[in-house]
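Peer 1: Here it is, the structure in full.
The values are calculated or read from the model by the stated rules, or taken from the named source; none is laboratory data. Predicted model only: the values in this text are computed from it and were never measured. Here the Cβ positions follow ideal geometry from the backbone for every residue, glycine too, while neighbour counts run over all protein chains shown. The protein model used for the area step is the full one, side chains on, heavy atoms only, and it has no ligands, DNA or RNA in it. Shrake-Rupley method; radii C 1.70, N 1.55, O 1.52, S 1.80 Å.
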Amino acid sequence: MEDLNKLKLKPKDLSNVCPPSLFKFKSTAELKPVNAIIKQERAVKALSFGLDIDNEGYNIYMSGAYGTGKNTLAKAMLEKKAQKKKAPSDWCYVNNFKDSDMPHALQLPSGHGRRFKMDIKETMDALNEQIPKAMESQEHEAKKAGILNQLMEETNAMYMRIEDEAREIGFTISRNQNGVSSIPLKEDGEALTQEEFMEMDENARNELMRRSTIVQEKINEGFRQYRELEKSVRESIKKMEQETVLSVCIPYFRSLDKKYGKDTFIKQYLEDMQEDILHHLELFIMKEGAQIDPFQLIDRKVAFRRYEVNLMVDNTDINCAPVIIENNPSYANLFGQVEYEGKFGILTTDFTKIKSGSIHRANGGFLVLNVYDVVKNIYIWDKLKKSLKTREITVESLAKMMGLTNTEVLQTEAIPLDIKVVLIGEPMYYYLLYAHDEEFQKLFKIRADFDSEMDRNMRHIKEYAIFIASVCDDKKMRHFTPEAVARVVEYGSRMAEHKSKLSTHFNSLVEVIYEANSWAKQAKKELVGMEEVEQAINDKIYRCSIIEEKVQEHINRGDLIINASGTRIGEVNGLAVYDMGDYAFGKPIRITAKSFMGERGIINIEREIQLSGRIHSKGVLTLNGYLGSQYAQERPLSLSASLTMEQSYAGVEGDSASGAELFALISSLAEVPVKQGIAVTGSVNQNGEIQAVGGVNQKIEGFYIVCQKKGLTGEQGVIIPRQNADSLMLRQDVVEAVKAARFHIWAIDDINQGLEILTGIEAGIKDENGYFPPDSIHGRVEQKLKRWSERRQSSLRAGTQQINPQVLRRRGRRF
């Protein structure tokens, strides 16, 4: 039998204490803070390469667990890279004077967009003031009066001519407020009255009517000539007004052309704008004496928007490429939108209502997005991919993109897109997108992986101290003593679940730093000490451990049956971990096994009622392989057994209980009692080797609490896999109990070692003939299985002898 004391772990093996003497400072205030990410060389290298390469599709996915510094690294490296790039262009939307439903996008050098918008506004303000003055000037009025006088002269001459022609045939022309009419004359030149007309004979009246028709035709011809003359005069006045307005506009537009005319598109826009002003003079001229209507003023103000500039992207205040971190990437926030306004009960819009999104502001630079926020809305994800593929941005509503409406009349001109998108998320989303979205593979070719742990060496321990100093400086908090820093280092190893590793979940570390500072503030201390760090850690546990306390209460009252002393056959205390998200704790579970003669093999009760996960079911099935290899080399394995986790009513997953289940099963087969003061964790393979599991610290501490509540006897402890010895970062009270020999932890390699610890009996090794010692545990199992097999064979032979071969032949069957 192996010396079991050699398997016991010593107190120094249960934790990795960080001595404060490693630090050569009195407080972290002496350290120089740095804004660097600790131990993420792989991610830094990948991100740097992705930022340097400008080819299409080399966008970046930053993959890692929450709290490992992805956002911090992205911001720091992107801002550093952005400093090496010049500020991108400004972008404006302006009216398309030929088709107002298709506004133009104008590109201007960085910082020129605001100036261009102001210059256009100042020009329009000046024209709005100068054009009316020019139209009211004496010179303009004189020219207009001359044209009108000429119209009057020509009109009078035409009237006199028609009058003379009418008199030649016995009529005169009369002008009144109702128009122009013809009046027949008598021989003495007097007007013919109605009575006189009625006294005329019929032939005379017919002759008069004939001449009246001729006169009316001449009058109508005169009206036609007057209308043409009036039209010609209006055109002359309009042309004169345009010439007057053009003389006002030329100096202003010449100045604009001098500043911005080098750009072909802007030059064309200014020409179209000047031409549009000439065709909409009514906007600049208010008729003298006209009554002002408030609604007309509103219409005039709205109409003047055609000459405004919608500055979509203004990079005046930046001197390098932009870095935009969009924390709320809704469709409108990301891609912009076209807004509407209510006007007399009707929704209207124009190019001034086009609003930019994050992708517009990040154009020419970098855009950082959280992958979960993007992919949870398929339309946002599709629009983002489309923009990256086409390398251009168009503003359209989500409803229009989905085909739900066609009310949006604006079709904005696309803006060229030059952007590097950085997606931040967990590895799961990367694998899902890579497997199910071919476009994702083409658009995000760089993956920057963040590790959740790093080696616990002197360099990284010092970087922990510098990190604490940086947080304290940045948040203006109290600095930490060497003892406090050492405790944070130990907490980092505890989070990493390995005594030679440190966690890179810096968010969790920052929480401890903040809370320790708060405790130091309450204690009115100038520095944060180890006591405050310990208080912060314990208080965090206290806030989250209500469920653990409730479970422990049930165990203490006996509602949950957990035996921590004595011995029982076929019963072993397994260990489980309950993960509540922000807190995990260990809890012992009573595993029982019952064996009996039969051929059904091992029945996993959890699996039968569908409470067993796939990995747990795999662990139970593995036991068949071990039992067959161990006991069924000479004869078939005749066995029926049931395994269950008592008082477990939720799903079970993981194979860490397979070792405890095998111990319980062997105990039942060998009829050897198991010590109830010893709990077991560890998975087992078909060779009987014990394999590493997770959550070993929580499992040990969970069983320790149960034993402590029931009373430590000095014979209690936990069996763990040898590989998990390096994972131990136990609480100090557990370490002290081990040091006082009131609690024990054994690290084993195989089933035999565990059996001897649990039973105090030799497990047994096969001799040269392939048999186990009769008094060993394996020997007892082997003997029981042999007896069961013989009894079953004897039963089968007895049953066969009772069968009549003649009966079988008559039924057409062969014996």
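Peer 1: Looking only at residues in the range 649-658 that are under 20 Å from Thr622 (Cβ atoms) and in a loop (DSSP other than H, G, I, E, B), which one is most open to solvent (accessible area, probe 1.4 Å)?
Peer 2: To start, the set of residues in the range 649-658 that are under 20 Å from Thr622 (Cβ atoms) comprises 651-658.
Adding the requirement that they be in a loop (DSSP other than H, G, I, E, B) leaves 651, 653-657.
Numbers: Gly651: 65, Glu653: 109, Gly654: 20, Asp655: 55, Ser656: 26, Ala657: 10 Å².
Filtering the range 649-658 for residues that are under 20 Å from Thr622 (Cβ atoms) and in a loop (DSSP other than H, G, I, E, B), the one most open to solvent (accessible area, probe 1.4 Å) comes out as Glu653.
Peer 1: Turning to a different aspect of this structure: Scan the range 575-609 for residues that are buried (at least 20 other Cβ atoms within 10 Å of the Cβ), over 16 Å from Glu653 (Cβ atoms) and out of contact with any helix residue (DSSP H, G or I) (no Cβ under 7 Å at 6 or more places or on another chain) and jot them down.
Peer 2: Arg590
Peer 1: Then there is this: Without any contact (Cβ under 8 Å) to a residue 12 or more places away in the chain and not in a helix (DSSP H, G or I): does that describe Ser182?
Peer 2: Working: without any contact (Cβ under 8 Å) to a residue 12 or more places away in the chain: no; not in a helix (DSSP H, G or I): yes.
Answer is no for this residue.
Peer 1: When the range 236-267 is examined, which residues are found to be in contact with a strand residue (DSSP E or B) (Cβ under 9 Å, 6 or more places away or on another chain) and of a type outside the set (A, V, I, L, M)? Lay out the reasoning, then the answer.
Peer 2: Start the filter on the range 236-267 by keeping residues that are in contact with a strand residue (DSSP E or B) (Cβ under 9 Å, 6 or more places away or on another chain), which leaves 260, 263, 265-266.
Once the filter is applied, which keeps residues that are in contact with a strand residue (DSSP E or B) (Cβ under 9 Å, 6 or more places away or on another chain) and of a type outside the set (A, V, I, L, M), the range 236-267 yields Tyr260, Asp263, Phe265.
Peer 1: Only one of these is open to solvent by 10 Å² or more (accessible area, probe 1.4 Å) and of a type in the set (A, V, I, L, M): Ile666, Ile700, Ile705. Name it. Can you show your working first?
Peer 2: Details: Ile666 fails: open to solvent by 10 Å² or more (accessible area, probe 1.4 Å); Ile700 fails: open to solvent by 10 Å² or more (accessible area, probe 1.4 Å).
Sole residue among the options that is open to solvent by 10 Å² or more (accessible area, probe 1.4 Å) and of a type in the set (A, V, I, L, M): Ile705.
Peer 1: To continue, here is another question. Looking only at residues in the range 359-390 that are of a type in the set (Phe, Trp, Tyr) and under 13 Å from Tyr331 (Cβ atoms), which one is surrounded by the most Cβ atoms within 10 Å (Cβ to Cβ)? Please lay out each step first, then the result.
Peer 2: Within the range 359-390, the subset of a type in the set (Phe, Trp, Tyr) is 366, 372, 379, 381.
Okay, now just the ones that are also under 13 Å from Tyr331 (Cβ atoms), so 379, 381.
Working: Tyr379: 12, Trp381: 17.
That would be Trp381.
Peer 1: It is to be established whether one or more residues within the range 483-502 are buried (at least 17 other Cβ atoms within 10 Å of the Cβ), among the polar types (S, T, N, Q), under 26 Å from Val696 (Cα atoms) and in contact with a strand residue (DSSP E or B) (Cβ under 8 Å, 6 or more places away or on another chain).
Peer 2: As a first pass, look at the range 483-502 and keep what is buried (at least 17 other Cβ atoms within 10 Å of the Cβ): 483-499, 501-502.
Filter again for among the polar types (S, T, N, Q), leaving 493.
Checking the rest, the ones that are also under 26 Å from Val696 (Cα atoms) come to 493.
Among the residues that remain, those that are also in contact with a strand residue (DSSP E or B) (Cβ under 8 Å, 6 or more places away or on another chain) are: 493.
The answer is yes; a qualifying residue exists.
Peer 1: Please pick out the residue among Tyr491, Tyr464 that is among the aromatic types (Phe, Trp, Tyr), within 30 Å of Ala692 (Cβ to Cβ) and in contact (Cβ under 8 Å) with a residue 60 or more places away in the chain. Even if it seems obvious, please write down each step before you answer.
Peer 2: Details: Tyr491 fails: in contact (Cβ under 8 Å) with a residue 60 or more places away in the chain.
The unique qualifying residue is Tyr464.
Peer 1: Among the residues of the range 57-77, which ones are in a strand (DSSP E or B) and open to solvent by 40 Å² or more (accessible area, probe 1.4 Å)?
Peer 2: Within the range 57-77, the subset in a strand (DSSP E or B) is 58, 60-63.
Result: Tyr58, single match.
Peer 1: Here is a follow-up. Of everything in the range 78-101, what is surrounded by fewer than 22 Cβ atoms within 10 Å (Cβ to Cβ), in contact with a helix residue (DSSP H, G or I) (Cβ under 9 Å, 6 or more places away or on another chain) and hydrophobic (A, V, I, L, M, F, W, C)? Give them in sequence order.
Peer 2: If the condition is that a residue be surrounded by fewer than 22 Cβ atoms within 10 Å (Cβ to Cβ), in contact with a helix residue (DSSP H, G or I) (Cβ under 9 Å, 6 or more places away or on another chain) and hydrophobic (A, V, I, L, M, F, W, C), then Phe97 is the only one that fits.
Peer 1: Which one is farthest from Leu14 (Cα to Cα) among residues in the range 717-736 that are crowded, with 21+ Cβ neighbours inside 10 Å and polar (S, T, N, Q)?
Peer 2: Asn724
Peer 1: Out of curiosity, is Asn35 surrounded by fewer than 18 Cβ atoms within 10 Å (Cβ to Cβ), at pLDDT below 90 and under 30 Å from Phe351 (Cα atoms)? Break it down stepwise before answering.
Peer 2: Details: surrounded by fewer than 18 Cβ atoms within 10 Å (Cβ to Cβ): yes; at pLDDT below 90: yes; under 30 Å from Phe351 (Cα atoms): no.
No; evaluated as a whole, the condition is false for this residue.
Peer 1: If I filter the range 610-617 for residues that are outside any loop (DSSP other than H, G, I, E, B), out of contact with any strand residue (DSSP E or B) (no Cβ under 8 Å at 6 or more places or on another chain) and buried (at least 18 other Cβ atoms within 10 Å of the Cβ), do I get at least one hit?
Peer 2: no
Peer 1: Could you please let me know if Thr123 is within 26 Å of Ser470 (Cβ to Cβ), among the β-branched types (Val, Ile, Thr), in a helix (DSSP H, G or I) and in contact (Cβ under 8 Å) with a residue 24 or more places away in the chain?
Peer 2: Values: within 26 Å of Ser470 (Cβ to Cβ): no; among the β-branched types (Val, Ile, Thr): yes; in a helix (DSSP H, G or I): yes; in contact (Cβ under 8 Å) with a residue 24 or more places away in the chain: yes.
Spelling it out, it is not the case that Thr123 is within 26 Å of Ser470 (Cβ to Cβ), among the β-branched types (Val, Ile, Thr), in a helix (DSSP H, G or I) and in contact (Cβ under 8 Å) with a residue 24 or more places away in the chain.
Peer 1: Moving on. Between residues in the range 10-28 that are aromatic (Phe, Trp, Tyr) and residues that are open to solvent by less than 50 Å² (accessible area, probe 1.4 Å) and part of a helix (DSSP H, G or I), which pairs lie under 7 Å by C-beta distance while being six or more apart or on different chains?
Peer 2: Phe23/Ala465; Phe23/Pro482; Phe23/Val485; Phe25/Pro482
Peer 1: Separate question: Of everything in the range 509-552, what is closer than 28 Å to Val680 by Cβ and either open to solvent by 80 Å² or more (accessible area, probe 1.4 Å) or basic (Lys, Arg) (or both)? Give them in sequence order.
Peer 2: Ile546, Glu549, Lys550
Peer 1: Next up: Going by what's in this entry, would Leu208 be described as over 30 Å from Asn128 (Cα atoms), in contact (Cβ under 8 Å) with a residue 24 or more places away in the chain and part of a helix (DSSP H, G or I)?
Peer 2: yes
Peer 1: Sticking with this structure for a sec: Considering each of Ile173, Ile162 in turn, give the residue that is on the phi < 0 side of the Ramachandran plot, hydrophobic (A, V, I, L, M, F, W, C) and not in a helix (DSSP H, G or I). I'd like the intermediate steps shown before the answer.
Peer 2: On the way: Ile162 fails: not in a helix (DSSP H, G or I).
Step by step, each of Ile173, Ile162 is checked, and only Ile173 is on the phi < 0 side of the Ramachandran plot, hydrophobic (A, V, I, L, M, F, W, C) and not in a helix (DSSP H, G or I).
Peer 1: Can you tell me which of Ser565, Ser508, Ser493 is outside any helix (DSSP H, G or I) and hydroxyl-bearing (Ser, Thr, Tyr)?
Peer 2: After ruling out the rest, the residue left standing is Ser565.
Peer 1: Here's another thing I want to ask about it. On the basis of being farther than 30 Å from Tyr631 by Cα and modelled with pLDDT under 95, does Arg797 make the cut? Steps first, please.
Peer 2: Values: farther than 30 Å from Tyr631 by Cα: no; modelled with pLDDT under 95: yes.
So Arg797 does not fit the description; no.
Peer 1: Where in the range 344-435 are there helices (runs of 4 or more DSSP H), lying fully within it, with 1 or more residues that are at negative phi, modelled with pLDDT of 90 or more and not hydroxyl-bearing (Ser, Thr, Tyr)? It would help to see each step written out before you state the result.
Peer 2: Details: elements: 358-361, 371-375, 378-390, 398-401.
The helices (runs of 4 or more DSSP H) meeting that bar are 358-361, 371-375, 378-390.
Peer 1: Condition check: out of contact with any strand residue (DSSP E or B) (no Cβ under 9 Å at 6 or more places or on another chain) and open to solvent by less than 60 Å² (accessible area, probe 1.4 Å). Does Val233 satisfy that? Let's see the steps before the verdict.
Peer 2: On the way: out of contact with any strand residue (DSSP E or B) (no Cβ under 9 Å at 6 or more places or on another chain): yes; open to solvent by less than 60 Å² (accessible area, probe 1.4 Å): yes.
Answer is yes for this residue.
Peer 1: Further question on the same structure: Tell me, which residue of the range 762-782 that is of a type in the set (A, V, I, L, M, F, W, C), in contact with a helix residue (DSSP H, G or I) (Cβ under 6 Å, 6 or more places away or on another chain) and in a loop (DSSP other than H, G, I, E, B) is most open to solvent (accessible area, probe 1.4 Å)? It would help to see each step written out before you state the result.
Peer 2: Filtering the range 762-782 for residues of a type in the set (A, V, I, L, M, F, W, C) gives 763, 765, 772, 777, 781.
Going one step further and asking which of them are in contact with a helix residue (DSSP H, G or I) (Cβ under 6 Å, 6 or more places away or on another chain), we end up with 763, 772, 777, 781.
When the remaining residues are screened for being in a loop (DSSP other than H, G, I, E, B), the result is 763, 772.
On the way: Ala763: 1, Phe772: 18 Å².
Among those that are of a type in the set (A, V, I, L, M, F, W, C), in contact with a helix residue (DSSP H, G or I) (Cβ under 6 Å, 6 or more places away or on another chain) and in a loop (DSSP other than H, G, I, E, B), it is Phe772.
Peer 1: Which ones in the range 619-647 are open to solvent by 20 Å² or more (accessible area, probe 1.4 Å) and at pLDDT below 85?
Peer 2: Once the filter is applied, which keeps residues that are open to solvent by 20 Å² or more (accessible area, probe 1.4 Å) and at pLDDT below 85, the range 619-647 yields Ala632, Gln633, Glu634, Arg635, Pro636, Leu637.
Peer 1: Look through Gly702, Gly754, Gly770 and report the one residue that is closer than 23 Å to Ser493 by Cβ and in contact (Cβ under 8 Å) with a residue 40 or more places away in the chain. Steps first, please.
Peer 2: On the way: Gly754 fails: closer than 23 Å to Ser493 by Cβ; Gly770 fails: closer than 23 Å to Ser493 by Cβ.
None of the others qualify; the one that does is Gly702.
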